[in-house]
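Heads up: the structure comes next, in structure tokens.
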């Protein structure tokens, strides 16, 4: 699995996407985070609509050229 980078955030908003594809992208982002937290902002029991906000810190990218 390639490391999730800051440049990859734009891929989270690309539409249309399947739930499976979005799940894999978010799982990859969380896997490469040193800190992660989730907040449920809204759940509509009638429609099933929800809003979840993720907050976290990605691992720092290590440059191959640094010694």
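Report the full-extension gain for the segment residue 20 to residue 43: residue separation times 0.36 nm, less the Cα-Cα distance, to one decimal in nm.
Numbers: separation 23, 0.36 × 23 = 8.28 nm, distance 2.08 nm.
Full-extension gain reported as 6.2 nm.
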Throw me the Rg/Rh for the chain, computed over C-alpha atoms with Kirkwood Rh, two decimals. 1.06
Give the angle, between 0 and 90 degrees and rounded to the nearest 10, that separates the Cα long axis of helix 19-31 from the longest principal axis of the Cα atoms of the chain. 50 degrees
First measure r as the distance between the Cβ atoms of residue 50 and residue 10, then evaluate 1/(1 + (r/R0)^6) with R0 = 22 Å and state the FRET efficiency to the nearest 0.05. 0.45
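Each reported figure results from applying straightforward, stated rules to the coordinates on display, with no laboratory input. Since the structure is predicted, the reported quantities are computational estimates derived from the model, not experimental observations. Neighbour counts are summed over all protein chains in view; Cβ atoms, including those assigned to glycine, are modelled from backbone coordinates with ideal geometry.
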